[in-house]
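Q: So that we are looking at the same thing, I have put the structure below in structure tokens.
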Amino acid sequence: MSFEHLDEDSIIRGLKTRSFGRSLVIVDECGSTNDVMKGMAESGAPNGSVVIAETQTAGRGRLGRAWYSPRGGVWLSILVKAQELPSLLNSLPLVGALGIAKPLAEKWGLNARVRWPNDVVVGWRKIAGISVESKSKGNELIYAILGIGINANFDSNKIAAISGASASLLILLGGPVNRENLITVILSETEKMYESLHGSGGKDLVALLRELDCSRGEHVKVRTPEREIVGIIDDYESLSRVRIITGNGFESIENSALVSVDYQSD
Ligand code: BT5
């Protein structure tokens, strides 16, 4: 299958953001866009810089997991630098997930749902994943990299390792999506949501999350570096904290990069 290369000009023309994507790099192939972005961040790249790859040879998920990134997908990293970052860091995975799920539902008519802590699914099949990697110095957070992977214009059924649990927009929409449009819309939504975290502390986002979430009521086993919790997801206390009903009452869990979740329904 041959793929149309991303048209950088049309992304730039379509951008409606203040900072996300205003500094833009598109590469044909790289190991991981997160690593390319790390290099750019170390060289002083501005807040909101974006790097996009047509394909990644060593794409990664959370906790050292592999992320399959064939041509036709949307694989990008956004650099986030802000003084408020430490308090917002653990909200970023769901900011990214909402920034994808909302437009896919509203503009592309998909039944896209957010699955805690960092997935976008349609019919429980994963179509997008978000990772957050960060650099700190002592207690000070220097920057975070929001990694976004969306299965767009390729057939995810052809990747044996993920075929049962994933889907792609190509399959769900019955044809290719305009990736340039998808990218500009998602950068715009994600930036708006990130900014509203500063303003309202994310209250409106929790309301949106309750609308788009598919995790509440699900039986889960959650592992954090300190403990393992088995129970049912009850509700979101904020964008970064989820409440779980256990045999002994309630547990509240902060959504750090080290949290790992198994759903009983998987
Ligand atoms: C994630 O991890 O979902 C975060 C994925 C972030 C990918 C982006 S792409 C741009 C940037 N550069 C990178 O190198 N990464 C970011 P996690 O929740 O740990 O999910 C990983 C699991 O999802 C794997 O163990 C597989 O089971 C499954 N998986 C791998 N590739 C997939 C794909 N393309 N679609 C759906 N599921 C996939």
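The values are calculated or read from the model by the stated rules, or taken from the named source; none is laboratory data. Nothing here was measured: the structure is a model prediction, and the numbers come from that model. All Cβ positions, glycine included, derive from the backbone under ideal geometry; neighbour counts span all protein chains shown. Note: accessible area is taken over every heavy atom of the protein model, side chains too, but ligands, DNA and RNA are not part of it. Shrake-Rupley method; radii C 1.70, N 1.55, O 1.52, S 1.80 Å.
Q: Can you name every residue in the range 122-150 that is more than 9 Å from the ligand (Cβ to nearest atom) and over 19 Å from Leu63 (Cβ atoms)?
A: Val122, Gly123, Trp124, Lys137, Gly138, Asn139, Glu140, Leu141, Ile142, Tyr143, listed by residue number.
Q: Moving on. Check Glu54, Glu84, Glu140 and return the single one that is modelled with pLDDT under 95 and touching a His at 6+ places or on another chain (Cβ under 9 Å). Quick ask: steps written out before the conclusion?
A: Numbers: Glu54 fails: modelled with pLDDT under 95; Glu140 fails: touching a His at 6+ places or on another chain (Cβ under 9 Å).
Only one candidate passes the filter, namely Glu84.
Q: List pairs: first in the range 16-29 and under 20 Å from Gly59 (Cα atoms), second assigned to a loop (DSSP other than H, G, I, E, B) and of a type in the set (S, T, N, Q), Cβ under 9 Å, 6+ apart or cross-chain?
A: Filtered contacts from the range 16-29: Leu24/Ser49; Val25/Ser49; Glu29/Thr57.
Q: Here are some conditions: (1) part of a loop (DSSP other than H, G, I, E, B); (2) closer than 23 Å to Leu258 by Cβ. Ser134 meets all but one. Which one does it not meet?
A: Condition (1) is where Ser134 drops out.
Q: Just to be sure before I move on: is Asp9 away from the ligand (no atom under 14 Å from the Cβ) and assigned to a strand (DSSP E or B) in the structure I sent?
A: On the way: away from the ligand (no atom under 14 Å from the Cβ): yes; assigned to a strand (DSSP E or B): no.
No.
Q: Is there a residue in the range 38-54 that is open to solvent by less than 40 Å² (accessible area, probe 1.4 Å), within 11 Å of the ligand (Cβ to nearest atom), in contact (Cβ under 8 Å) with a residue 60 or more places away in the chain and closer than 23 Å to Gly129 by Cβ?
A: yes
Q: Tell me which residues, restricted to the range 65-112, are surrounded by 22 or more Cβ atoms within 10 Å (Cβ to Cβ) and among the aromatic types (Phe, Trp, Tyr).
A: Keep residues of the range 65-112 that are surrounded by 22 or more Cβ atoms within 10 Å (Cβ to Cβ), which gives 69, 72-80, 91-102, 104, 112.
Across the range 65-112, the qualifying residue is only Trp75.
Q: Every residue in the range 81-120 that is hydrophobic (A, V, I, L, M, F, W, C) and touching a Ser or Thr at 6+ places or on another chain (Cβ under 9 Å), please. Spell out how you get there, then give the answer.
A: If we filter the range 81-120 for residues that are hydrophobic (A, V, I, L, M, F, W, C), which is where we start, we get 82, 85, 88-89, 92, 94-95, 97-98, 100-101, 104-105, 108, 110, 112, 114, 116, 120.
Leu85, Leu88, Leu89, Leu92, Leu94, Val95, Leu98, Ile100, Val114, Trp116, listed by residue number.
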